[in-house]
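Read-outs throughout are calculated quantities, based only on the coordinates presented, and are distinct from any laboratory measurement. These figures come from a predicted structure and were not determined experimentally. As a convention, Cβ positions derive from the backbone with ideal geometry for all residues, glycine included, and neighbour counts pool all protein chains shown.
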Amino acid sequence: MNPSEGSVDFFSIFSKNFMVKRKIKIENIAAVSIANLSSEFVLHVPSEYDYRFSHPTLRSILIGNIVTFNLKKTGNKKFKFYFHDVVNLNKVVNTED
């Protein structure tokens with residue numbers, strides 16, 4: 001799918017039963033925080049709440065795809081990256097109320 005022609009979403013899925021936990025429109029992601037000391041990262045979604053995730057082998061691929069699709073979809077050249085020298089990103093994530 002060409003991201004400029006339709007909706008591109010990020011899905012969080014339970015691996016055991018393949019139920020969708022959360023769906024985030026790629027264009028709603030404004031920034032990514034990355035933990036330098038672990039595989040954690042946070043997708044910052046100002047219009048909703050953030051999404052905190054950890055995966056040692058998929059982190060780079062997921063972040064790369066999110067940034068690429070976001071840029072193609074929105075042309076947002078101001079996408080931000082925040083790097084933190086921590087293991088746990090719980091202090092930088094905005095959670096659901």
> Can you list the HN-Hα couplings for the range 82-87, worked out from phi with the Karplus curve (6.51, -1.76, 1.60; θ = phi - 60°), rounded to whole Hz and with x for Gly and Pro?
Replying inline: 10, 10, 10, 7, 9, 8
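Arrange VAL92, VAL42 by Cβ neighbour counts within 10 Å, fewest through most, would you? Each step should come with its number before you reach the end.
Values: VAL92 16, VAL42 22.
Fewest to most other Cβ atoms nearby, the residues stand as VAL92, VAL42.
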> How large is ³J(HN,Hα) for each residue in the range 25-36, as worked out from phi by the Karplus curve 6.51 cos²θ - 1.76 cosθ + 1.60 (θ = phi - 60°), to whole Hz, x for Gly and Pro?
Replying inline: 5, 3, 5, 8, 7, 9, 6, 10, 9, 10, 7, 6
>> Skipping prolines and chain starts, which residues have an amide H placed within reach, meaning under 5 Å, of the one on TYR82, given they are 5 or more residues away or on another chain?
In response: VAL32, SER33, ILE34
> Given H placed on each backbone N at 1.01 Å, which residues far from ARG22 in sequence or on other chains put an amide H within less than 5 Å of it?
Replying inline: SER12
> Counting other C-beta atoms within 10 Å, which of LYS73, LYS80 has the fewest, and how do the rest follow?
Replying inline: LYS80, LYS73
> In nm, to one decimal, how far is the modelled label at VAL87 from the one at LEU62, with both set 7 Å along Cα→Cβ?
Replying inline: 1.9 nm
